[in-house]
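Below is one structure; the comments refer to it alone.
The values are calculated or read from the model by the stated rules, or taken from the named source; none is laboratory data. Worth saying up front: this structure is predicted, and the values here are computed from it rather than measured. Note: ideal-geometry Cβ built from the backbone for every residue, glycine included; neighbour counts use all protein chains shown. Surface areas here come from the heavy atoms of the whole protein model, side chains and all, with no ligands, DNA or RNA. Shrake-Rupley method; radii C 1.70, N 1.55, O 1.52, S 1.80 Å.
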Amino acid sequence: MKITDLKIEKFHVELTEPFKIAFAEIHHTESLLIKITTDEGIEGYGEAAPFAPVTGETTEGCLSVLQMFRQGLIGMNPMDIEKVHVMMDGLVHGNGSAKCAVDIALHDIKGKVMGEPLYRVLGGYQDTVQNDITIGISTPEKMAASAAHYVKDMGYRILKIKAGIDPEEDLRTLALIRQEVGPDVRLRVDANQGYDIAKAEFALEGMKKYGIEAVEQCLPDWDLEGTAYLHSMVSGIQLMLDESIHTPKDAARACRLNAADIFNIKLMKCGGLYRGLQISTLAENFGKTCMVGCMLETKIAITAGLSLVAARKNITEADCDSFMYYKDADTGMPGGFTKEGDMFHLSDKPGLGLDISF
């Protein structure tokens, strides 16, 4: 089997309302969707969802890189996934979102060739994933109202709360949220690099009374030593790394420093499922667990991310919820998974299991 073509299309997504985190406010997003075609008529779909503050990419930059990859992909066997990654890494450093698009499309093809859904291709641990939902930064009162809605009206039992601008305001928000949702809902916090060490120590100590189970990326992405210090000083709350972990090499350094308990794997940061599996395996060997998160992605990348969670026992958490903030949650791509409350059931159709045509 040989790759005969790679087609690229832009995909614009409108959010129902602006989404705010510590270092950005987002009103809409734009992805690049790709289709890889083979000489046997099997097609695979992938997605690049760049986010410049994290991946260092723009849509136009990803488009140029994907056009560069197209030249190398033509004539390659789509089942040679490691060989394709070697080719892409040889052409350009970083650019995780562009590489991710190709990687997902190749795994979609692999699933279709095998006649198996993606979660089974990747490991097959389970077919159902409990997903969290994220509350963006707003007033404490509005964030508490959102928490109550997600729990009481939509059935979510795990909330991820954005923070990192003002630790005292963050603690007031958490107090109101805990009051609204009760003691049994699991809460985790994402500071998105917003704290320094002093603010992080203050916030982490204050969060204990609200039963916060994990806090993500307290410090700037480069400060693994500072995060390792926090990890050595804090008990009762797990620390998670996100923006610090792009590649397996980043995960290896974090493991050597014992800088965190959990790694947040994002396909757009690491370059896709192939590298995500490497991060998971490395973390498991150091006694760490993983979560799979997401950027603002369509059903293509969301389905791929949920499939990775389902595939591996060591990936214990899912934060693949961004499609819930879109005016069209399905993004015009039915299939992939079904949803009951916060439980996501993956399709048994081959590959991604999505109904796509472009």
Members of region 123-178 that are without any contact (Cβ under 8 Å) to a residue 40 or more places away in the chain, of a type in the set (Ser, Thr, Tyr) and open to solvent by 20 Å² or more (accessible area, probe 1.4 Å):
Thr139, Ser146, Tyr150
Among (1) modelled with pLDDT under 90; (2) part of a loop (DSSP other than H, G, I, E, B), there is one condition Gly41 misses while meeting the rest; what is its number?
(1)
On the basis of being in contact with a helix residue (DSSP H, G or I) (Cβ under 9 Å, 6 or more places away or on another chain), modelled with pLDDT under 95 and open to solvent by 60 Å² or more (accessible area, probe 1.4 Å), does Gly90 make the cut?
no
Select from region 256-274 the residues that are on the phi < 0 side of the Ramachandran plot and of a type outside the set (A, V, I, L, M, F, W, C) and write down the one among them that is surrounded by the fewest Cβ atoms within 10 Å (Cβ to Cβ).
Arg256
Looking at region 235-255, can you tell me whether even one residue there is modelled with pLDDT under 95 and either open to solvent by 10 Å² or more (accessible area, probe 1.4 Å) or not in a helix (DSSP H, G or I) (or both)?
yes
Reported set for region 1-54 where residues are hydroxyl-bearing (Ser, Thr, Tyr), open to solvent by 50 Å² or more (accessible area, probe 1.4 Å) and more than 17 Å from Gly72 (Cα to Cα) is Thr16
Does at least one position in region 58-81 carry a residue that is in contact (Cβ under 8 Å) with a residue 24 or more places away in the chain, open to solvent by less than 70 Å² (accessible area, probe 1.4 Å) and charged (D, E, K, R)?
no
Would you pick out the residues in region 193-217 that are outside any helix (DSSP H, G or I) and open to solvent by less than 10 Å² (accessible area, probe 1.4 Å)?
Tyr195, Ile212, Ala214, Val215, Glu216, Gln217
Select the strands (runs of 3 or more DSSP E) contained entirely in region 298-358, then report the ones holding at least 3 residues which are open to solvent by 10 Å² or more (accessible area, probe 1.4 Å).
337-340, 343-346
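A quick yes/no check of all residues on (1) within 30 Å of Ala259 (Cβ to Cβ); (2) touching a residue at least 12 places away in the same chain (Cβ under 8 Å); (3) touching a helix residue (DSSP H, G or I) at 6+ places or on another chain (Cβ under 7 Å):
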site	(1), (2), (3)
Leu282	yes, yes, yes
Ile300	no, yes, yes
Ala310	yes, yes, yes
Ala318	yes, yes, yes
Asp330	no, yes, yes
Pro334	no, yes, no
Met343	no, yes, no
Leu346	no, yes, yes
Pro350	no, yes, yes
Anything in region 179-192 that is open to solvent by 40 Å² or more (accessible area, probe 1.4 Å) and over 24 Å from the mean Cα position of the chain (by Cα)? List them, or say none.
Gln179, Glu180, Pro183, Asp184
Has region 220-228 got at least one residue that is touching a Cys at 6+ places or on another chain (Cβ under 9 Å) and either β-branched (Val, Ile, Thr) or within 22 Å of Leu282 (Cα to Cα) (or both)?
yes
